[in-house]
1. If the Cβ limit is 8 Å and pairs must be 6+ apart or interchain, which residue in the range 62-75 that is in contact (Cβ under 8 Å) with a residue 24 or more places away in the chain and under 13 Å from ALA133 (Cβ atoms) pairs with which residue that is in a loop (DSSP other than H, G, I, E, B) and polar (S, T, N, Q)?
2. Give the residues of the range 119-133 that are among the small types (Gly, Ala, Ser) and touching a strand residue (DSSP E or B) at 6+ places or on another chain (Cβ under 9 Å), sorted by residue number.
3. Looking only at the range 397-428, which residues are over 30 Å from SER296 (Cα atoms) and open to solvent by 40 Å² or more (accessible area, probe 1.4 Å)?
4. Given the options PRO141, PRO152, name the one that is part of a helix (DSSP H, G or I), over 30 Å from VAL454 (Cβ atoms), over 30 Å from the mean Cα position of the chain (by Cα) and not polar (S, T, N, Q).
5. Which number in (1) crowded, with 23+ Cβ neighbours inside 10 Å; (2) farther than 23 Å from THR350 by Cβ marks the one condition that GLU98 misses?
6. Give me a count of the residues in the range 237-264 that are of a type outside the set (Ser, Thr, Tyr) and under 27 Å from GLY156 (Cβ atoms).
7. Looking only at the range 260-312, count every residue that is free of Cβ contacts under 8 Å to residues at least 24 places away in the same chain and in contact with a strand residue (DSSP E or B) (Cβ under 6 Å, 6 or more places away or on another chain) and tell me the total.
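The values are calculated or read from the model by the stated rules, or taken from the named source; none is laboratory data. Computed from a prediction, not measured in an experiment: that's the story for all the values here. Cβ placement follows ideal geometry from the backbone for every residue including glycine, while neighbour counts extend to all protein chains displayed. SASA here: full protein model, heavy atoms, side chains in, ligands and nucleic acids out. Shrake-Rupley method; radii C 1.70, N 1.55, O 1.52, S 1.80 Å.
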Amino acid sequence: MLHHRIVAGAVAAAAALTLAVPTAASAATATHRAPSHSSTVSYTASNAVIPNPERGFDHTTATHYRADGTGYTPLDLATLRSYRADGVTQIVRVFYMEKFVDQARLDPAWLKLVQRDYDTARQAGVGVITRFAYVQGGDYPYTAPYGDADLPTVLGHIKQLTPLLRRNADVIPTLQEGFIGLWGEGYYTDHFASDPSNPGVLTEADQAARRQVLRAELAALPGSRSVQVRTMATKQAALGLPSGTAGALTPAQAHDGSAKSRVGHHNDCFLASPDDFGTFLSDPLSLDQDYLAADSRYVPVGGETCTVNPPRSEFPSASAEMAKYHYSYLNLDYNQDVLATWGDAGMTETAKRLGYRFTMTKSTVTTGRTPSVSVSVRNDGWAAPYNARPVQVVLTNGKRTVSVPVRTDVRSWQPGTTVTVSAPLRGLPKGTWSLALAMPAAERSTAGNPDFAVQTANVGTWDAKTGRNQLDQTVTVGH
């Protein structure tokens, strides 16, 4: 695309800018305060799968720490980098803590292993959706005792994990609740259901114990991060919410820092049956379905499929539900029998549209008394981002870089909508400046890493070295 040069007089308090004109003679007539002009550039949408952070297909991994200290398989840097090369930017990591099921103190050696995993993921540019659990289920049917830990042990472990979680929040997009039951999925449990042989029936005491676990996890995380629960009823019971749209987050409540705004959902039997094997628990089921459709606009939703169940598990139905429930991620490894029915086209479409997919449509630079740049961005994905990140207009002149913050919240860029954001261009030093749109990570530790920045779905705009989206606009100040 052609660059549109903008020429200004000497920089004053207003730093007035004027559009360049095609001839030297006319350029020489530019006055100190020129009339307002504008230059607009349109962008071409890309059809590629864009490997952006905190969205898309994931690989799910598990590691163990058994009673004798064996079983831990560290993350491998080369493997994680190969995932990223294939367009996968995050994993679900389940840390099984068999050794600690009846042990109050976590081993420092184990904590170092977990820290090393987060360091490896950070180096690879990969996020780690995290879950802690005490026991992995075997073959069905499952019978008590199951082998999970009691409430005091769980709460003590969460307290000890707090520094680790806060230190590594930059690479933990969200935390799955875990801890309770087989796989940490909250169902088959020795201590959080009064009758372990009938774990689907929960007393108020059971609910109170589960509530303590969820609140402890929210307290352990920085306020910028969320916890995903296995069923909608878990969130509703913990926070005293009704099912149906009456209990779901409203736009006014979204991202307000409350517990309600920080609890999302993961469905690990997506598409398996009418109630997804006990995921939807309301009567009628439509109450939980309506609840999730509304709540998921503002919190993370992900999971995995678990059995072939046509026609619901086939792509037309699956894609409609992923859009309805605003899915941000899905396990690429399981269930592959389900995913195989989607075909290459369905899998590619899913890889494109899980989570957000931002496409720039145009930018406009306006000059005169109040110079500014505006950029229009359409979200072609199935969800909005669930974590905050800054939006910036970045100007470079070959020697210097200036970042202008844009007042917006990417979490409000809902699917199917176009937003137009703008920023002033006052007070620039003399020179010719190229413009770019940047959406880096919010945390200082990853803010300068392009792997954690957002790439728009456009042709020819991404600068992989800087993690910026070039606007093909230039500004010249001070001729």
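1. ALA62/GLN136; THR63/THR73; HIS64/THR70; HIS64/THR73; HIS64/GLN136
2. Step one: filter the range 119-133 for residues among the small types (Gly, Ala, Ser), giving 121, 124-125, 127, 133.
Those that are among the small types (Gly, Ala, Ser) and touching a strand residue (DSSP E or B) at 6+ places or on another chain (Cβ under 9 Å): ALA121, GLY127, ALA133.
3. Within the range 397-428, ASN397, GLY398, LYS399, ARG400, THR401, SER403, PRO424, ARG426, GLY427 meet the criteria.
4. One residue alone meets the criteria, PRO152.
5. With (1) crowded, with 23+ Cβ neighbours inside 10 Å; (2) farther than 23 Å from THR350 by Cβ applied to GLU98, the lone miss is (1).
6. Summing the residues that are of a type outside the set (Ser, Thr, Tyr) and under 27 Å from GLY156 (Cβ atoms) in the range 237-264 gives 10.
7. Count: 1.
Yes/no per residue for (1) in contact with a helix residue (DSSP H, G or I) (Cβ under 8 Å, 6 or more places away or on another chain); (2) not hydrophobic (A, V, I, L, M, F, W, C):
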position: LEU330; (1), (2): yes, no
position: TYR334; (1), (2): no, yes
position: GLY346; (1), (2): yes, yes
position: ALA351; (1), (2): no, no
position: GLY355; (1), (2): no, yes
position: MET360; (1), (2): no, no
